[in-house]
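The values are calculated or read from the model by the stated rules, or taken from the named source; none is laboratory data. Owing to the predicted nature of the structure, the values given are computational and were not obtained by experimental measurement. Don't worry about glycine lacking a Cβ; one is built from the backbone with ideal geometry, like all the others, and counts go over all protein chains shown. Side chains included, ligands, DNA and RNA excluded: accessible areas come from the protein's heavy atoms. Shrake-Rupley method; radii C 1.70, N 1.55, O 1.52, S 1.80 Å.
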Amino acid sequence: MTKDNLPVYNLTLDDNDMNLGCTKISLVEQPAIDEMFLAFESHTKLKTMFTDESKHIVTGIAMRADYPIYRNQDGEEFYVVFSKETVEKMLDKFMREQRTFDISLNHNQDVTDCYLVESFLINKERGICPKEFLDVEDGSWVISVKIDNPDVWNEVVNSDVKGFSIETQMIANAFHKDKKKSAKELGITETQLDKLLSIFK
């Protein structure tokens, strides 16, 4: 499978590998999934899902299901996709491991006094889909984070962070399993896999 003439890899969560999954949620300036926090009034100032800004809550998409995410690793361009089944497994594992306080800023700074207060999967058949997410794929993971840390909240108010991004080792791990098996699962040749493996050494 390709997109824009680049390969697309479907990433799966191995139930037997306890080291994988989503290990942290990061507040970032540029989310890879192209979805920002919900904005209600001014595009220059982020608003939360709640009209009372004193709650200091931001809501957005943590993971889009079945959505190609562009990656460029040392000049090697490709897309990765998480199926809605994989997204559900990752949400389940994240909550089971009680990682609701595992929040970082731009993937490089752990922050305190920030934590998940809401987490759900979009399911239009069951009516679980706020109108703001009608164009988002079923199975996508939506979260709300309460930010009691004044420095982090200032980053939100100043639009220095605009959305969420997950932290996971799944991309690297996908290319470091048994080579023949991995190539078959990813739908590529072993030669192509060797090239990807060189990126994730």
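In table form, for the structure just shown:
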{"item": "Heavy-atom accessible area ranking, 1.4 Å probe, most first, across H107, H56", "result": "H107, H56"}
{"item": "Calculated from backbone phi, Karplus (6.51, -1.76, 1.60) coupling profile of region 79-96 in Hz, x at Gly/Pro", "result": "10, 10, 10, 10, 5, 5, 5, 5, 4, 4, 4, 5, 4, 4, 5, 4, 6, 4"}
{"item": "List E88, E125, ordered by accessible area with a 1.4 Å probe, largest first", "result": "E125, E88"}
{"item": "Net charge over other residues, Cβ less than 13 angstrom from the Cβ of K84 (K, R count +1; D, E count -1)", "result": "-4"}
{"item": "Candidate residues W141, W153: accessible-area rank, largest first, probe 1.4 Å", "result": "W153, W141"}
{"item": "Over 20 Å between alpha carbons, listed pairs K84/K124; K24/K89; K89/K146; K24/K146", "result": "K89/K146"}
{"item": "Whether region 68-142 is rounded, prolate or oblate, judged on the alpha carbon gyration tensor where a/c under 1.5 counts as rounded", "result": "oblate"}
